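The values are calculated or read from the model by the stated rules, or taken from the named source; none is laboratory data. None of the values given here were measured: they were computed from a predicted structure. Because the Cβ atoms are built from the backbone with ideal geometry, glycine has one as well, and the counts that use them run over all protein chains shown. Calculation scope for accessible area: heavy atoms of the full protein, side chains included, ligands and nucleic acids excluded. Shrake-Rupley method; radii C 1.70, N 1.55, O 1.52, S 1.80 Å.
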Amino acid sequence: MTQLSIFTRAVLPPPLPFLSRLPLRTLLLPLCMLSGLLALAATPEAGAQSSPWLTERALLDSYVRTNADFWLRAFDTDRGGFFTNVGRDGSILSQRGLNKDILTQSRNAYAMVRAFQMTGDETYLDIARRTLDFMYAHGWDNTFGGWHSSLSALGIPISPQADKTAFIHHYALLGPLAMWEATGSAVDSTWFVRGLDYNNSILWDDRPGLEGYFDRVDWRSENPAGKGFNATVDALTTHALQQQVLFAGTELDNRDRLRTLATNIQERMLATMPNQTIGFAEKYSADWEVDPNERLTIMGHVLKTAWVLSRLDALGTPGLPGQPVDPFGANLAADASMLTRHVLERGYDHEFGGPYKDYNRTTGVMQLYGLPDSTKAWWQMQQAVMAGLHLAPEPGFRDMAAETIDFFMEHFQDPVHGEVFADRTRRGAGIPQWGDHKGDAFKAGYHSMELAWYTLLYQFLRVDAAPTTIHYRLEPSDRARRFLFLPLEDAADALSIERILLDGAPFIEGPFTAHAPVFIPTGTGGVFSVTFGMSPVNTAVDRDAVPSALHLSSWPNPFQFRLQVSLRGGRGVTGPVHVILYDVLGRQVRAASLQSPGGLQANVTLETSDLASGMYLLVVTSNNGSVSRPVMHIE
């Protein structure tokens, strides 16, 4: 299957009615906001925090290269894939095992893709390609579906009868989606859709009133159990939010799923906060009953939840005048703010900076795990930076991001070998009892690189409106296509493309809206260096960049004996219209043509009973360009 070659912004439906708020939560919000403000007021020089990491792009670039180069040492140049257990200096900790976990492959592939996009160094992208190829070749369970959690150095599944968790299956989509976004690769689109279909069919609970992702199934993809934070919020951070950014208006539009996940966060997890001393309940039964035996609440989880709610709000905010509102939930921004202030009041170090680690949610007691000092975790520090920058307009939140990233870079980043340590004490000292290794079953290059990626997008591009260049690499194609260069949620349509270079030479001069796919001529490929800005664009001169008035829908999907295709087009769609179905190798397997006098309305039936099962790409071309949809055939 090839890249979706055109992306359209759908006409949004009217707002949906939402569940009413719980009374105790309504009371909790102003109390948390007030107490958070008091905590900030007591902080010295509140509102005056700054950080060179938020002002000097060269520092961020150096951090990206240093950390990406560290992980190259853990790559298996002979067989492909990253080893999971990695020491402080990048050496492989063979005594802990030579395994290559799926989590490691997807997370490090993501890190390498983002390193390429921020630096333009294709070495990182080539490593990401080989990593994902290893994962695709060995990681999928061809008998029962889903991903094996861990592989040997040779790619042989370890513990093939282990449960399959939503945590791993959400993160398994992280690398493929990043690679698809950066390259338009047919291989990655196929695997992303395959993994997504598994999550949405095997791991999704569609019982009315109990919808949500199950926490796990058994090795046969049966007997689903549990729900909770990881199954819900990690779905958003790993793929669901960026999926909507890239594919809104296509068959991968997932706005309904986003609404359900937002509701689960607000009406399930946040609804438990009045009964807790700190945080919220994180683990539940399959029927959304709180697990009374699990009392851990994690400040990084609270901040990550704030971040995703703020991002959902940014995706659903109305943009241009007259554009209808399509929110993904009620009070998203207010709840994001409440959660962030909750951490600032109850779980944040106002002396040295950064959130503390873990607490007992019912007693409010910090979990020290036998250590004499409180601790901080690398990924939880990242969540404080992300939430702080995304919610930066609110008083005190950018200060939180600034002092957290300063602490992070001073104490977590390893100045000798590169990459960050996993844990530090509240003053920044190491924790000998926990070791100084850099890679294990949970730690890879993802969080440290994601910190740089979103700092670049949120602070330098969105807040500072500084011209920001992101790199993409597209292979030449034997047909013209359209490609969407859109790195982040931007419902206000403020993001523009200032210019595009192709292999260092001018390709297109802007500014024009980043929400319109860019036309890529036949045979054109290479590294596209796209400079984004936040300047207003003149839509009157951007007509060549906007999607055509040709609209395509098809059903059923998956299809078996025949595929029904519905075509609609404006008066500008005239002349021959070609309907072509391609297989994953780019071969034409079905075709039909018709004439449009203008104002196209037509239905086409493609007989498909003799096709092999798998992914296909349906492409319709006319004088106004082309549109495409991924479709799946089953025998």
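Highlighted here are the strands (runs of 3 or more DSSP E) found entirely within segment 438-527 that include at least 2 residues which are open to solvent by less than 10 Å² (accessible area, probe 1.4 Å): 468-474, 496-502, 518-520. Among the residues of segment 86-120, the ones that are open to solvent by less than 10 Å² (accessible area, probe 1.4 Å), outside any helix (DSSP H, G or I) and within 14 Å of residue 69 (Cα to Cα) come to 2 in all. Just one of the listed residues (252, 261) is more than 23 Å from residue 217 (Cα to Cα) and among the aliphatic types (A, V, I, L, M), namely 252.
Going by what's in this entry, would residue 123 be described as part of a helix (DSSP H, G or I), hydroxyl-bearing (Ser, Thr, Tyr), open to solvent by 60 Å² or more (accessible area, probe 1.4 Å) and at pLDDT 95 or above? The answer is yes for residue 123.
Inside segment 135-180, can you point out the residues that are of a type outside the set (Ser, Thr, Tyr), open to solvent by less than 10 Å² (accessible area, probe 1.4 Å) and assigned to a helix (DSSP H, G or I)? 135, 166, 169, 170, 174, 175, 176, 177, 178, 179, 180, listed by residue number.
Checked against (1) part of a helix (DSSP H, G or I); (2) open to solvent by less than 40 Å² (accessible area, probe 1.4 Å); (3) modelled with pLDDT of 95 or more, residue 245 meets all criteria but (3). Of all the listed residues (234, 197, 215, 206), the sole one being surrounded by 18 or more Cβ atoms within 10 Å (Cβ to Cβ), of a type in the set (Asp, Glu) and over 26 Å from residue 490 (Cβ atoms) is 215.
Each residue in segment 597-634 was checked for being of a type outside the set (S, T, N, Q), open to solvent by less than 20 Å² (accessible area, probe 1.4 Å) and assigned to a loop (DSSP other than H, G, I, E, B), and 2 pass.
Screening 250, 305 for residues that are open to solvent by less than 40 Å² (accessible area, probe 1.4 Å) and under 28 Å from residue 354 (Cβ atoms) leaves exactly one candidate, 305. Please enumerate the residues belonging to segment 348-376 that are small (Gly, Ala, Ser) and surrounded by 24 or more Cβ atoms within 10 Å (Cβ to Cβ). Listed by number, the residues that qualify are 353, 354. Please tell me if residue 64 is part of a helix (DSSP H, G or I), closer than 22 Å to residue 170 by Cβ, modelled with pLDDT of 95 or more and of a type in the set (Val, Ile, Thr). Here the answer is no, as residue 64 does not meet what is asked. So for segment 330-344 (the condition being farther than 21 Å from residue 242 by Cβ, in a loop (DSSP other than H, G, I, E, B) and modelled with pLDDT under 95), does at least one residue qualify? So far as segment 330-344 goes, yes, one or more of its residues are farther than 21 Å from residue 242 by Cβ, in a loop (DSSP other than H, G, I, E, B) and modelled with pLDDT under 95.
Among the conditions (1) within 22 Å of residue 439 (Cα to Cα); (2) open to solvent by 10 Å² or more (accessible area, probe 1.4 Å); (3) part of a helix (DSSP H, G or I), residue 380 misses just one, which is (2). For segment 555-596, the tally of residues that are open to solvent by 70 Å² or more (accessible area, probe 1.4 Å) and out of contact with any Ser or Thr (no Cβ under 9 Å at 6 or more places or on another chain) stands at 6.
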